[in-house]
Amino acid sequence: MSASGGTKAIVAALAANLAIAVSKFVAFLFSGSSSMLAESVHSLADSGNQALLLVGGKKAQREATPQHPFGYGRERYIYAFLVSIILFSIGGMFALYKGYEKIKNPHEIEQWYWPVGVLVFAIIAETFSFRTAIKESNAVRGRKSWKEFVRYAKAPELPVILLEDLGALVGLILALCGVTLALATGDGVWDGIATVCIGILLVLIAVVLAVETKSLLLGEAAGVEEAHKIEAAIVDGDTVTGIIHMRTLHLGPEELLVAAKIAVQHDDTATEIAAAIDAAETRIRAAVPIARVIYLEPDIYSEAEAARGADREATPGGPAPESAGH
């Protein structure tokens, strides 16, 4: 994901949610609708989430230090994880609480035109934000399905914005249905039921985001396609005859660490091996530009040793899988 594309989607979502949050809260003050209050808190939480994503992106750009020699790229994962927690606690749990209160103590909605008018405005604004997120995501997701894009994306911003905007749109529709039913029947319970549904929706989205960002925080390998490109770039068929084992790790969305033990000829000189390693690193960076940190260790390939299996102490996690990926 390009940083500019992610930032554009975040800014669009932030602007939309700030305007929507203010309008929803005004509608709540005039109408007393609990779903309006839940939705205003939801939009305010979303605005805070987008601000966190912007802060995470800024902090991730800091230069590496002796204490953090691989840089701060994972700051983006940390802030995305915080977003999922806020969406769960402030958005989802608050909506569930307010919905329960409204069902327990229902009251009629006053001045119905306020919540209805604000919800229509909010749906239009949120659609604009969602459209921007879809457009920016389409530029980078390639042939992946939307599910695959959210599941396997290494940059967290666009998947987070996509799910937030989707949840916001569905939540707005639920709120509009709840308000409409409450007005039509004169029973405020429908407003409370809609609020509970909004809370359940936000909790589910928060759980999905938490699971995905947790995986990124733990450290994910390069995607299958990138791993194959790296493997092809390492072997030159002359000095480097094969890969004994290889590990990759995302230090950040756009920074990849590559570590591999490579097979060389037993009669190659140190000069030849060093030149071959330099050439392999150049090919790797050309094939996969985000491969920023590369460590290649030469070794003599032994069929007998290979038949015994990988050394689990020398190769943490056991034998290298046939394909790398999330």
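For the stretch 60-84, how many residues are assigned to a helix (DSSP H, G or I), open to solvent by 40 Å² or more (accessible area, probe 1.4 Å) and of a type in the set (Lys, Arg)? Matching residues across the stretch 60-84 total 0. The number of residues in the stretch 121-159 that are among the small types (Gly, Ala, Ser) and either free of Cβ contacts under 8 Å to residues at least 12 places away in the same chain or not in a helix (DSSP H, G or I) (or both) comes to 4.
Collect the residues in the stretch 248-293 that are in a strand (DSSP E or B), farther than 16 Å from GLY219 by Cα and touching a helix residue (DSSP H, G or I) at 6+ places or on another chain (Cβ under 7 Å), keeping them in residue-number order. Of everything in the stretch 248-293, those that are in a strand (DSSP E or B), farther than 16 Å from GLY219 by Cα and touching a helix residue (DSSP H, G or I) at 6+ places or on another chain (Cβ under 7 Å) turn out to be ALA260, ILE262, VAL264. Only one entry of TYR100, TYR113 meets the criterion of being farther than 18 Å from LEU217 by Cα and without any contact (Cβ under 8 Å) to a residue 40 or more places away in the chain, and that entry is TYR113. Of note, ARG283 does not satisfy the criterion of being of a type in the set (Lys, Arg), open to solvent by 30 Å² or more (accessible area, probe 1.4 Å) and either under 30 Å from SER84 (Cβ atoms) or without any contact (Cβ under 8 Å) to a residue 12 or more places away in the chain (or both).
Let's see how each residue does on (1) among the polar types (S, T, N, Q); (2) buried (at least 24 other Cβ atoms within 10 Å of the Cβ):
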position: ALA16; (1), (2): no, yes
position: ILE20; (1), (2): no, yes
position: SER34; (1), (2): yes, yes
position: SER47; (1), (2): yes, no
position: VAL55; (1), (2): no, no
position: LYS58; (1), (2): no, no
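For the stretch 181-197, a tally of residues being modelled with pLDDT of 90 or more and more than 17 Å from GLU101 (Cα to Cα) returns 1.
Selection within the stretch 146-161: residues that are open to solvent by 50 Å² or more (accessible area, probe 1.4 Å) and not charged (D, E, K, R). The member of this set that is nearest to GLY252 (Cα to Cα) is TYR152.
Number of residues in the stretch 102-120 that are part of a helix (DSSP H, G or I) and out of contact with any helix residue (DSSP H, G or I) (no Cβ under 6 Å at 6 or more places or on another chain) equals 5. For the stretch 107-145, taking the residues that are open to solvent by less than 10 Å² (accessible area, probe 1.4 Å) and hydroxyl-bearing (Ser, Thr, Tyr), the one that is farthest from TYR72 (Cα to Cα) is identified as SER129.
If you go through the stretch 253-278 and keep only what is among the acidic types (Asp, Glu) and modelled with pLDDT under 90, you end up with GLU254, ASP267, ASP268. Criterion first (part of a helix (DSSP H, G or I), modelled with pLDDT of 90 or more, in contact with a helix residue (DSSP H, G or I) (Cβ under 8 Å, 6 or more places away or on another chain) and crowded, with 18+ Cβ neighbours inside 10 Å) does ALA222 satisfy it? Criteria not met by ALA222.
Does THR195 satisfy the condition of being crowded, with 17+ Cβ neighbours inside 10 Å and free of Cβ contacts under 8 Å to residues at least 60 places away in the same chain? The answer is no for THR195. For the stretch 233-245, filtered to residues that are open to solvent by 10 Å² or more (accessible area, probe 1.4 Å), among the β-branched types (Val, Ile, Thr) and not in a strand (DSSP E or B), the residue that is nearest to ALA276 (Cα to Cα) is THR239. Kindly evaluate ALA51 against the criterion of being assigned to a helix (DSSP H, G or I), on the phi < 0 side of the Ramachandran plot and open to solvent by less than 40 Å² (accessible area, probe 1.4 Å). It is false that ALA51 is assigned to a helix (DSSP H, G or I), on the phi < 0 side of the Ramachandran plot and open to solvent by less than 40 Å² (accessible area, probe 1.4 Å). Which one of these is in contact with a strand residue (DSSP E or B) (Cβ under 6 Å, 6 or more places away or on another chain) and over 20 Å from PHE121 (Cα atoms): PHE81, PHE70, PHE94, PHE88? Checking each option against the conditions leaves just PHE70. Within the stretch 246-259, the residues that satisfy the criterion of being over 22 Å from the mean Cα position of the chain (by Cα) and surrounded by fewer than 19 Cβ atoms within 10 Å (Cβ to Cβ) are ARG247, ALA259.
The values are calculated or read from the model by the stated rules, or taken from the named source; none is laboratory data. Just so it is clear, the model here is predicted, and its values are computed rather than measured. Neighbour counts run over all protein chains shown; Cβ positions are idealised from the backbone, glycine included. Calculation scope for accessible area: heavy atoms of the full protein, side chains included, ligands and nucleic acids excluded. Shrake-Rupley method; radii C 1.70, N 1.55, O 1.52, S 1.80 Å.
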